[in-house]
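Written out below as structure tokens is the structure these notes cover.
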């Protein structure tokens, strides 16, 4: 943890839960059972990613009184719950969509780079007693990771049912990043 100030008990409780969720997400994403299907691999790695966003949002909702941040967190929960349901609905069918070995290797190499950056940026986000700002500094790289993973998958031959899911992830998480960046500017004034 960086920072010169002494952390409050509330901040410590918030951060303890955040790091537990982050570690669980890293475990889920890095140990997912990968196959020769890019569509399957995207789904099994994105589901733990989305679950973490939901849990992180529930965590901040226990502590924040900032109404715009409550709305952002509630939107994350709703959108990512729906996305998980959509992915589970197509998981079996999409798992049968097989790719060339070379494409799977290229796809997964890029995913590894994206995950490395995302895990690093989330784990090293600035820590302060302003948990509202802390949450957004943690969630922005989380959203960026989902956007980059979705754009990466769209470069390959994937299950047709996955296309709308990927486009929805890109759209909703770009919007979320913009909202959080604007809110960060307001609360950091």
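Read-outs: derived from the displayed coordinates by stated rules, not from any lab. Just so it is clear, the model here is predicted, and its values are computed rather than measured. Backbone-built Cβ (ideal geometry, glycine too); neighbour counts: all protein chains shown.
Scanning segment 144-158 for residues that are under 30 Å from residue 96 (Cβ atoms) and in a helix (DSSP H, G or I) yields 145, 146, 147, 148, 149, 150, 151, 152, 153. Total residues in segment 1-53 satisfying the condition of being under 22 Å from residue 154 (Cβ atoms) and out of contact with any helix residue (DSSP H, G or I) (no Cβ under 9 Å at 6 or more places or on another chain): the figure is 0.
A residue that is over 27 Å from residue 10 (Cβ atoms), touching a helix residue (DSSP H, G or I) at 6+ places or on another chain (Cβ under 8 Å) and assigned to a loop (DSSP other than H, G, I, E, B) occurs nowhere in segment 166-185. The one condition from (1) more than 22 Å from residue 61 (Cβ to Cβ); (2) surrounded by fewer than 19 Cβ atoms within 10 Å (Cβ to Cβ) that residue 39 does not meet is (2).
Here the condition is being in contact (Cβ under 8 Å) with a residue 60 or more places away in the chain and out of contact with any strand residue (DSSP E or B) (no Cβ under 6 Å at 6 or more places or on another chain); of 23, 86, 9, it holds for 86 alone.
When segment 20-36 is filtered for residues that are within 17 Å of residue 54 (Cβ to Cβ) and surrounded by 14 or more Cβ atoms within 10 Å (Cβ to Cβ), the ones remaining, listed by number, are 21, 22, 24, 25, 26, 28, 29. Test residue 76 against the criterion of being touching a residue at least 12 places away in the same chain (Cβ under 8 Å), buried (at least 18 other Cβ atoms within 10 Å of the Cβ) and under 17 Å from the mean Cα position of the chain (by Cα), and give yes or no. Taking the combined requirement at face value, the residue satisfies it. Considering (1) without any contact (Cβ under 8 Å) to a residue 12 or more places away in the chain; (2) surrounded by 15 or more Cβ atoms within 10 Å (Cβ to Cβ), the lone condition that residue 102 does not fulfil carries the number (2). Just checking, does segment 174-181 include any residue being in contact (Cβ under 8 Å) with a residue 60 or more places away in the chain, under 28 Å from residue 37 (Cα atoms) and either in contact with a strand residue (DSSP E or B) (Cβ under 8 Å, 6 or more places away or on another chain) or buried (at least 18 other Cβ atoms within 10 Å of the Cβ) (or both)? No, segment 174-181 has no match at all.
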